[in-house]
Structure formats: structure tokens, C-alpha cells
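Before any comments, here is the structure.
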Amino acid sequence: MKCFSTKSQTKRLLKNLCIETLISTMEMYDYGELLNTFSVLILKYPEITSWVFKIDDEINGRGIAYVDLSSSKFVKHLLKKGIIFCYLVNSQM
């Protein structure tokens, strides 16, 4: 049962069994990787404006954060630019 000892391991098992799970990412090991991955998720799923983070290296499960992007004019501007960029890149392929 050790293969189910963490959420990441359980998520990996569900993915391998083709069982749908929530939009998420795993295995990020530094701040830059977190920012890059979060940026990609924001562009890939622009309809999602609220995100919850679980950071595994905190003590007693305190590593939980919530981000609401719905009122951020800057993020809306970047999404508009990002969606246009993604559309242009995909239409040229």
C-alpha cells in the first residue's frame, strides 16, 4: 500500500487507469517551475479563475493557497494576449 502514501502517487495511479481527475500538476521542485507551470495552466484553462495550491513540503498540511484571478485586470490582459498568441501559433501549423 506504500504506492498510495501521497496524493501525487494516487493521482499518478488514477491517471494511468484513465480515471478523470481535477486539472492539476505535480512534481514541481522550485519556485520558477511553479510559476512557469501555473502560467501554462492559466493560458490552457482561461475559463478557470480560482486556483488552489497544495505544497507538499509544509508542516502539518499548512501548505495550501488559494488564488482568485477574476478581478485581476493584468491577468485578463495577459490572457487576451496569450489566447491571441496561441491562436496564431496553432493556425500556422
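The values are calculated or read from the model by the stated rules, or taken from the named source; none is laboratory data. Model, not experiment: these values are computed from the prediction. Every residue, glycine as well, gets a Cβ built from its backbone with ideal geometry; the counts of neighbours run over all protein chains shown. Ligands, DNA and RNA are excluded from the accessible area calculation, which covers all protein heavy atoms including side chains. Shrake-Rupley method; radii C 1.70, N 1.55, O 1.52, S 1.80 Å.
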What number goes with the only condition from (1) loosely packed, with under 13 Cβ neighbours inside 10 Å; (2) out of contact with any Ser or Thr (no Cβ under 8 Å at 6 or more places or on another chain); (3) part of a strand (DSSP E or B) that TYR66 does not pass?
(2)
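Residue by residue, here is whether (1) touching an Asp or Glu at 6+ places or on another chain (Cβ under 6 Å); (2) exposed (fewer than 10 other Cβ atoms within 10 Å of the Cβ); (3) aromatic (Phe, Trp, Tyr) holds:
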| position | (1), (2), (3) |
| --- | --- |
| SER8 | no, no, no |
| ARG12 | no, no, no |
| CYS18 | no, yes, no |
| LEU34 | no, no, no |
| THR37 | no, no, no |
| PRO46 | no, no, no |
| ASN60 | no, yes, no |
| PHE74 | no, yes, yes |
Do you know which residues across the range 26-44 are assigned to a loop (DSSP other than H, G, I, E, B) and either at pLDDT below 80 or under 14 Å from ALA65 (Cβ atoms) (or both)?
MET26, GLU27, MET28
Among the numbered criteria (1) assigned to a helix (DSSP H, G or I); (2) modelled with pLDDT of 80 or more; (3) within 18 Å of the chain's Cα centre (by Cα), which single criterion is violated by PHE53?
(1)
Need pairs with beta-carbon distance below 7 Å; first residue under 16 Å from LEU41 (Cβ atoms) and free of Cβ contacts under 8 Å to residues at least 60 places away in the same chain and within the range 6-27, second open to solvent by less than 100 Å² (accessible area, probe 1.4 Å) and among the small types (Gly, Ala, Ser); sequence gap 6+ or separate chains.
LYS11/SER24; MET26/SER8; GLU27/SER8
